[in-house]
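Colleague: The following block contains the structure, expressed as structure tokens.
The values are calculated or read from the model by the stated rules, or taken from the named source; none is laboratory data. Only a predicted model underlies this, so the values are computations on that prediction, with no experimental measurement involved. Here the Cβ positions follow ideal geometry from the backbone for every residue, glycine too, while neighbour counts run over all protein chains shown. Just so you know, the surface numbers come from the protein's heavy atoms only, side chains and all, with ligands and any DNA or RNA stripped out. Shrake-Rupley method; radii C 1.70, N 1.55, O 1.52, S 1.80 Å.
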Amino acid sequence: MTAHPMLRHWRRNYLFLIPLCLIAAFYQLTYTVIAFTNLIQWHQITAAPFQIDSFRRVKVISPTAKQAGLKENDSVVRVDGRDLTADRVLWEEIQRHKPGETLLLEVVRHGETAARQITIPLTTGRKDAPTVGTWLLVAMLVLLPLFCVAAAIYVALRRPDDMRAIVVFGLLVSVSQMVNTVEIYSTPEALWEFALGYSSLGTSAWPIWMALFGLYFPTRFDWDKKHPGLKWLLIGPLLALPAISIFAVEGALNDFRLITPLENLIQRTHFEAIVLVLITISITVFFWALGVKTATLTNRDAKRRLQLLRWGSAAALGPLGIFAFYQLFSGDRQAKNIPEWLIIAVCVIFFIFPITLVYVVVAERAMNVGMVVRQSMRYTLAKGGMRVALAILATCVMWGLVVLVFGRIMSEAARVTVTFVAAVIMVFSVRFARKHLIAWVDRKFFRDTYNSEQILEELSDTVRSVVDERVLFDTVSRRISESMHVENVAVLLSSNGAFHPVYWLGLNLTDRLTLEASSATIDQVRNSKEPPRVYFDDEKNWVYQTSEEEVATLRSLNSQLLLPVGLKDRLLGVLSLGPKRSEEPFSRTDVQLLRSVALQTGLALENSRLMTTVASEMAQRLKLNREIEIAREVQERLFPQMLVTMPGLDYLGACRPALGVGGDYYDFIALPNGDLGVAIGDVSGKGIAAALLMASLQASLRGQTIQAGADLAVVLTNVNRLIFEATPDNRYATFFYGQYHRGSCLFTYVNAGHNPPVILRRQSGGTVAIRLETGGPVVGLFSNAQYQQATVPFEPGDIFVGFTDGISEAMNRQDEEWGEENLIPAILECADKPAVEIIPALMRAADRFADGAPQHDDMTLVVVKVLRPIPEPPAHSMSLGPSK
């Protein structure tokens, strides 16, 4: 079986991420163990008496070395008789000696030529045993980087296909290297190259990740999507910093001669100033980007997260920036004149930044970073994986207790026997509580119970056939409650100018609750681009701008998220959701899924009412003509009633069914990002059956455009699967769907076996007809059909015409087809007219050719004219109104 493209992408990213995560985890765990080991064995750790540069000149001297006669800028020639050719030589000698021993140096003093010998007593890095305060400080400076790495790995592995997760991973790993409490020479010699390279890479790459985080989080800038190369004007020079840093430290470790030219170049140029300028620019980009996005975001939760991140970052990075500028402009590069407590305070304050970052990303779910997928965890628990883990844990615990309590009075064999028996008893005891353990894990930690695609597919299949409204609301409410762990769900429907609860879960609604249709809450639900969120603990939340009666009603419903249930521009009802059991806010993915569910519910509700109406009319009049008339009216309501004004475009569509109702379909969809979706299709067959399949096709398409976004190949793949599962084997539809991107004037499309629409373009050599053919097979016929998308530019003067075979195959009394050879000249004859006149003109031309012959098939046309010139895209969202 061929793997799904998303699954292949997921696996490929994991093959890239897992080695990086293992490297980061190995380094940080090793670093943590060494840091605490050094603290415990402080009296055995020899401190470096001095530091040198690549010219072997002494730069930092301990008090003991200074008393022994060593001075700054002394050139160290030999250490214990070994030529000092690299840092490795000095570190090896330090490791070889113990505190209390001496180190013999041969140095050449500045201005002299003869070498002199200096004997330096070696000491530990501390005078006294570490105090409780020292332990706490080291624990903080060691465990916080470990926390950063753990959070980085968690975010990366939870979102392997999200570039933002990669950026967060790099940023947190870099932050973990900004504070170092372990000298490299105190680590095992085999790890020197690795530790130096890893630490240097992390520290020097920090400004790169800062800039990228600002550009990508929480959403990527539109200008960066259109011109991704612009950011490399900053990222490119910053990439040189890790390369230079790693080369310098690795070269100094092995041979000073490798980096002497680099040191000379750095000393002759203002390298440090250039580096500081680049870092300052990257941090400026970080704060500028967050500021711009905070000002432009309309979602209150997203705005609140960014404000929290901005203030936390400013508090953490401000002291560090002041410290860096002081070192650069005062010449005190080693911070000799700054108290040690102040340096430690700056380091500790700096970790406000990663803590804030992790809180915003994980706790606030800014990137929908959730817990481990519940299904896989349930599978592991059900198959015995938890029992295996408990067995190992129980064995270790029991062994420790047995050795501690009975170690002196039992033999080794007896201890092993007692440990095994106790562990088996413990495992079997826990086995009986496994069901309660699973429920507790689900309730406390897991929220994303099922895959969102699975929820949509199951709901679509279920609600499509539901006629009874109460069954519909019960199905939807319980599915949401079970999958997202939402205990309070209520459905309010419009009736007599107000919205009343008609169904609820987990609530005790004794009073007659009402939300007037003219209330501020309903206006918020109807007009907001995003479903309104209710926060009773936030006085700035929109809910406190409503009346006291509305606040009381929402409190009674325990509302946290309000979803509109409707069809097109009609609000049929409101779906009120209470907080999750985990008390975490609804993520962006949650909201997208719930909007799709609400749309499906609205369509199902309308279909339910339609079926009820049809049944009632049939029972009352028993006339098939009335049934067809009702269905025709409903079908006409499914076609676009009002068109969004799209600057630069003049567009319109029309359908003339052969019978009372037809199977042709066209649609114009106002997308959330301001773009325009254009659809046209032809369902096999005629009459009521074709009309119902056409309605299902429209519902599936609109649901998938919200779920899959701009990936039209995925949209058509999902639509095909939904139609295939919901229709008999002999039912299918030819279908064409495209999206016009108003910012770039590009038209992306997928043709699923439909008559290729044409774009007529006037050029100097004449008129060119461009046929849009790329795509795949018809929808609903094959379960695993694959589709391709293509993109063409819209140029001023272009005319896009989509049509069904009722147009191209219109026949006269001699059974001759009109065909595209007559359609294209007819388009050219009325090309200068607006779209509202082109469609009737083409219909009349087809009728003239038919010369009174009966119409055997539905006739549908979609015309999109590109005006001259194309105006600039508006700064705000599109306004509603008829197309011009």
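Colleague: Over all directions, what mean area does the Cα convex hull of segment 717-792 project, stated in square nanometres?
Modeller: That works out to 5.9 nm², a quarter of the Cα hull's surface.
Colleague: Would you mind calculating the relative contact order of segment 495-548 from Cα pairs under 8 angstrom and at least 6 residues apart, reporting the percent as a whole number?
Modeller: On the way: 34 pairs, mean separation 13.9, N = 54.
Reported as a whole number, the value is 26 percent.
Colleague: Considering only protein heavy atoms, what per residue accessible area in square angstrom results for segment 748-860 with a 1.4 angstrom probe? Intermediate values should be presented prior to the final figure.
Modeller: Working: 5230 Å² over 113 residues.
Value for segment 748-860: 46 Å² per residue.
Colleague: Take the Cα atoms of segment 669-729, find their three principal axes, and give me the spread along each one in whole Å, biggest first.
Modeller: 35, 19, 14
Colleague: Now for a different question. Tell me the label-point distance for the pair Leu22, Arg771, using the 7 Å Cα-to-Cβ offset, in nm and rounded to one decimal.
Modeller: Spacing of the two 7 Å Cα→Cβ label points: 5.4 nm.
Colleague: Taking segment 77-227, how much of its Cα-Cα pair set, in percent, is spaced more than 20 angstrom apart? It would help to have the intermediate numbers written out before the result.
Modeller: Working: 7535 of 11325 pairs.
Of the Cα pairs, 67 percent sit more than 20 Å apart.
Colleague: Please state the relative contact order of segment 27-104 as a whole percent: Cα pairs under 8 Å, 6+ residues apart?
Modeller: Working: 72 pairs, mean separation 19.8, N = 78.
It rounds to 25 percent for segment 27-104.
Colleague: While we're on this one: Once you have all Cα-Cα distances for segment 198-279, histogram them in 5 Å bins from zero and send the whole-percent values.
Modeller: 3, 13, 20, 20, 17, 11, 7, 5, 3, 1
Colleague: Also: Evaluate the distance, in nm, between pseudo-label points positioned 7 Å from the Cα of Leu233 and of Arg570 along their respective Cα→Cβ axes.
Modeller: Simple spin-label model gives 5.3 nm for this pair.
Colleague: If R0 is 56 Å, what FRET efficiency do you get for Asp53 and Gln786 from their C-beta distance, rounded to 0.05? Numbers along the way, then the final one.
Modeller: Numbers: r = 62 Å, r/R0 = 1.10.
For Asp53 and Gln786, the calculated efficiency is 0.35.
Colleague: Let me ask you something else. Sticking with the crude label model, points 7 Å out along Cα→Cβ, report the distance from Asp222 to Leu143 in nm, one decimal please.
Modeller: Rounded to a tenth, the inter-label distance reads 4.7 nm.
Colleague: In whole Hz and in residue order, list the ³J(HN,Hα) couplings for segment 288-293 that follow from phi through the Karplus curve 6.51 cos²θ - 1.76 cosθ + 1.60, θ = phi - 60°; x for Gly and Pro.
Modeller: With the stated coefficients, segment 288-293 comes to 4, 4, 5, x, 4, 5 Hz.
Colleague: What order do you get for 101-113, 715-727 when each peptide is scored by the mean count of other beta carbon atoms within 10 Å, highest first?
Modeller: Working: 101-113: 14.6, 715-727: 22.2.
For the peptides 101-113, 715-727, the packing ranking is 715-727, 101-113.
Colleague: Plugging the Kirkwood radius over Cα pairs into Stokes-Einstein for segment 146-189, at a temperature of 4 °C and a viscosity of 1.567 mPa s, what D comes out in µm²/s? The partial results should precede the final answer.
Modeller: On the way: Rh = 11.5 Å.
This corresponds to a translational diffusion coefficient of 113 µm²/s.
Colleague: Here's something else I'd like to know. Counting only protein heavy atoms and using a 1.4 Å probe, what share of the accessible area of segment 653-737 belongs to carbon plus sulfur, as a whole percent? Working shown, then result.
Modeller: On the way: 1370 of 2460 Å².
The nonpolar share, carbon plus sulfur, comes to 56 percent.
Colleague: Mean 1/r over all different Cα pairs, inverted: what Kirkwood radius does segment 189-329 give, in Å?
Modeller: Result for segment 189-329 stands at 17.2 Å.
Colleague: A further question follows. Over segment 228-281, give the accessible area per residue in Å² for a 1.4 Å probe, as an integer.
Modeller: On the way: 3110 Å² over 54 residues.
For segment 228-281, the per-residue accessible area is 58 Å².
Colleague: Right, here's the next one. What percent does the relative contact order of segment 77-234 come to when contacts are Cα pairs within less than 8 Å and at least six residues apart? Walk me through the numbers before you get to the answer.
Modeller: On the way: 148 pairs, mean separation 24.7, N = 158.
Reported as a whole number, the value is 16 percent.
Colleague: Calculate the tail of P(r) for segment 727-864: the fraction of all Cα-Cα distances greater than 28 Å, expressed in %.
Modeller: Details: 2240 of 9453 pairs.
The proportion of pairs with Cα distances above 28 Å equals 24 percent.
Colleague: Stick to the Cα atoms of segment 142-271, pair each with every other, and give me the Kirkwood hydrodynamic radius in Å at one decimal.
Modeller: Numbers: mean 1/r = 0.0605 Å⁻¹.
Result for segment 142-271, one decimal place: 16.5 Å.
Colleague: I would also like to ask the following. Calculate what fraction, in whole %, of the accessible area of segment 49-179 sits on carbon and sulfur atoms when a 1.4 Å probe is rolled over the protein chains.
Modeller: Numbers: 3320 of 6060 Å².
Answer for segment 49-179 is 55 percent, counting heavy atoms of protein chains only.
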